[in-house]
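This report refers to the structure that appears directly beneath it.
The values are calculated or read from the model by the stated rules, or taken from the named source; none is laboratory data. Keep in mind it's a predicted model, so treat the numbers as computed, not measured. So basically every Cβ, Gly included, is an ideal-geometry build from the backbone, and we count neighbours across all protein chains shown. The area values use the complete protein model at the heavy-atom level, side chains included, leaving out ligands, DNA and RNA. Shrake-Rupley method; radii C 1.70, N 1.55, O 1.52, S 1.80 Å.
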Amino acid sequence: MVIGGIQSKVFNLILVTVILLTAAYIAVTAHHSHMLSKLAAESGQEQQASIAQITTSVMDRVVTENLARANRSEARMADELFEAAANRVTFLADCATKLLAHPEDYEPRPYAGPDAKDDGTWTAKVIYAEGVPPKDPAIRRKMGLLANLFDTMIALCPAYGASTVYIALPEGAHLSVSQDSSSWFVDGEIRRYDPRQRGWYQKAAEAGELIFTDGEWDANTGEYCVECAAPVYGPDGTLQAVVGTDLYLDEMQAVMGESSVEGEATLLINQEGRAVLPMQAEAFPMAGADRTADLRASENAFLAGLVGYALSGSGTGVTLGELEGGAYYVTATPIETTGWVLISAYSQAVSSQPTDLLVNSFSTIQGTAADTYQSQTAHSRNTALVLLIAVTLLTLGGALVLGKRIVKPLNTITRRIGELSEGNLEFRMEDAYRTGDEVEELAESFAAISHKTVVYMDKVVKVTAEKERIGTELSLAKDIQAAMLPHIFPAFPDRPDFDIYATMAPAREVGGDFYDYFLIDEDHLCMVIADVAGKGVPAALFMMASKIMLQSAAMLGHSPAKILEQANAAICASNEAEMFLTVWLGILELSTGRMVAANAGHEYPAIKRPGGDFELYKDKHDFVIGGMEGLPYREYELTLEPGTKLFVYTDGVLEATDPENQLFGSGRLIEALNAAAGDTPVELLKSVRRAVDGFVRDAEQFDDLTMLCMEYKGVKRDD
């Protein structure tokens, strides 16, 4: 044995550890045995005498805290259900208001009545009141406009867990989304339904704001529910519609009932003190018998006072009072969204049961435990002594064997590592290392690392050469892409009637954005800016092909809409990569200032009129190029006065991001444009780029940044 070696250290460490553990075990066991026996004898009577008092106090505190917590939690769950209903009604009302305020911006959509075959599917259907002519032009126009909300209404239901949402018109028409279309049929015929006669419609129209009704029976399903509704007014202040949704109270009862326990009762009351939904209401039979009664006038003075105080606007603490069937702990919490109150009660008799059970059980357990402890202590002491002797002998013998087994292969490993040199860098496995434990794993790790190092060094050489080749090709691709775009400025030095400038900064070596401008003839200037979905080499290749297609179609004399249609057809015909691009294309008649343009999903252009500021021109967008075959594209016409400036750009400008993940946005863009509104197109684009760079600072950007500015001067050329 080597003095001071690993084998000696392992043996000594185990020997000392065994001795210390043995001494500690004997001392602790003796001390604990003495203390436990003394403690059991002295405290037995005191524990049995005081357990009733302690348990009662604890149970009172537990019941008080848990009841208050449970009441607040259930009130919060109820409030979330009401708030969710209010949110979807408010959202739908806002959508309807915007739609009806600007009917010229929307095309009527088709709509239909209920179809029993649609059961189980979220569908929209229209039902009319008795005497309302479905073919009335005004009603058809209004319902056609509101039909634009079908998708929104259908999405609201599963998203919020709603069973139905609906829109009712003062003319007697009712648009509803639900999964139970067959409920609208009676003897095979669609039944008439007049929403104007329903309480939710009348209450919302009278209040002029979002309302919740009392509990009532749904006219369609017959289920008990609360209805949330809000009026929709036109620009002239007239009532245009009432939107609403149902909140079935059995669903609320099921959600809130999940947290209920034995002995607990819950009651939901509205602002008038009437019971809306008694749940586990054994303590409130007076509420279940007559839900129309004001509980503030109840014969039970405790309940009447509690309801009155809770409805005054604040919750109550936990108090003890007499209700039906005995004494109850009671608390109440207001529901913020509706102004209602949720009352919870817990039976005092149920809360005292654990105390009685504990007192009886403790006496029995204490006697049994004392006897068992004495006999087991003696047996455990003898057994532990025998085991300690055996473990000590085995451990010391094992320490000798283990130390030797560890040291020998480690010495061999150390010797082999010392033999490694520049010409022999690889450490290899030998039979001496195969010990089946961590030593073998250590040797295998050395061997694996050594081999990987050799392989890695070879790969480094190859990867370095490949990286240099790829870098050269990407640099060449960047130069080719830059050469594809107009890059000589001034572009048309002999044309005094306009000035134009553009830039493109790719996010990677090559990008997917591009711009283009060229004279179709002496009097027509074509301008293009586009953004390919994607980055890198694939986007650059797609960009080059798209640029050529657009320019070729434009040079044939087609209109902007026709150019986009031809480009879309060509790209869709062989678009196996399923790539697409957004395009804005405009053709300016230089002699008159008349510009015809089309927009395929691109950003809004910004225009500065003479004497004015830059503003976004919100043109009509069509679908992107390459997204779907056979799409028509629309075009629009603008007249540019001399002095007008046109600025178009890609989304990389608006989506430039600063270190706090804020976007540059259209507001900052307009500010930057107006700050340089009087500059030439060259200086204006430089000013905008400085504003973007100052905003993003050192944050990494992930999108190309492309801009084009044209100033129309309208100066006649000398022929």
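What does the accessible area per residue of the range 555-703 come to in Å², with a 1.4 Å probe and no ligands, DNA or RNA counted?
Values: 7160 Å² over 149 residues.
Value returned for the range 555-703: 48 Å² of accessible area per residue.
Name the shape class, rounded, prolate or oblate, that the alpha-carbon gyration tensor gives for the range 66-156, where a ≥ b ≥ c are the square roots of its eigenvalues, rounded holds for a/c under 1.5, and otherwise prolate holds if a/b is larger than b/c and oblate otherwise.
Numbers: a/c = 2.95, a/b = 2.03, b/c = 1.45.
Prolate.
What do you get for trypsin sites (Lys or Arg not before Pro) in the range 616-656 restricted to DSSP loop and a cutoff of at most 11 other Cβ within 10 Å of the site's Cβ? Walk me through the numbers on the way to the answer.
Details: sites: K618, K620, R634, K645; in loops: K618, K620, R634.
Here the trypsin sites (Lys or Arg not before Pro) that fit, given the DSSP loop and packing criteria, are K618, K620.
To the nearest Å, what is the center-to-center distance of the range 495-546 and the range 623-658, using C-alpha atoms only?
12 Å
With each label point set 7 Å from Cα along the Cα-Cβ vector, what nm distance links N674 and D151?
Calculated label separation equals 3.4 nm.
As an exercise, use a Förster radius of 22 Å and the Cβ-Cβ distance of E65 and F302 to find the FRET efficiency, rounded to the nearest 0.05.
Values: r = 21 Å, r/R0 = 0.97.
Step by step, r from the Cβ atoms, then E = 0.55.
Report the extension gain between Y106 and I548 in nm, rounded to one decimal, defined as 0.36 nm multiplied by the number of residues separating them, less their alpha carbon distance. Let's see the in-between values first.
Values: separation 442, 0.36 × 442 = 159.12 nm, distance 3.52 nm.
Stretched out fully, the Y106 to I548 stretch lengthens by 155.6 nm.
Select from the range 110-203 those trypsin sites (Lys or Arg not before Pro) which occupy a DSSP coil region and have at most 16 other Cβ atoms within 10 Å, ordered by residue number. Working shown, then result.
Working: sites: K117, K125, K135, R140, R141, K142, R191, R192, R196, R198, K203; in loops: K135, R191, R192, R198.
Of the trypsin sites (Lys or Arg not before Pro), the ones in loops of the range 110-203 whose Cβ has at most 16 other Cβ atoms within 10 Å are K135, R191, R192.
Quick one: how many Å² of S445 are accessible to a 1.4 Å probe, rounded to 10?
Using a 1.4 Å probe on the heavy atoms, I get roughly 60 Å².
Could you tell me which GluC sites (Glu not before Pro) in the range 637-682 are loop residues by DSSP with no more than 10 other beta carbons within 10 angstrom of their beta carbon? Don't skip to the end; give the middle numbers.
Values: sites: E637, E655, E660, E671; in loops: E655, E660.
Passing both the DSSP loop test and the Cβ count: E660.
Whole angstrom only: what separates the Cα centroid of the range 57-76 from the Cα centroid of the range 672-699?
Centre-to-centre distance over Cα atoms comes out at 61 Å.
Please work out the FRET efficiency for the pair R381 and R76, using the Cβ-Cβ distance as r and a Förster radius of 60 Å; give the result to the nearest 0.05.
Numbers: r = 57 Å, r/R0 = 0.95.
Plugging the Cβ-Cβ distance into 1/(1 + (r/R0)^6) gives 0.60.
Along its three principal axes, how long is the range 90-129 when you only count alpha carbons? Whole Å, largest extent first please.
34, 22, 21
T639 versus F518, label points 7 Å from Cα toward the beta carbon: distance in nm?
Computed distance between label sites T639 and F518 equals 3.1 nm.
Find how much the distance from Y25 to E223 grows on full extension, using 0.36 nm per residue of separation minus their present alpha carbon separation; answer in nm with one decimal.
That pair, Y25 and E223, stretches by 64.2 nm at full extension.
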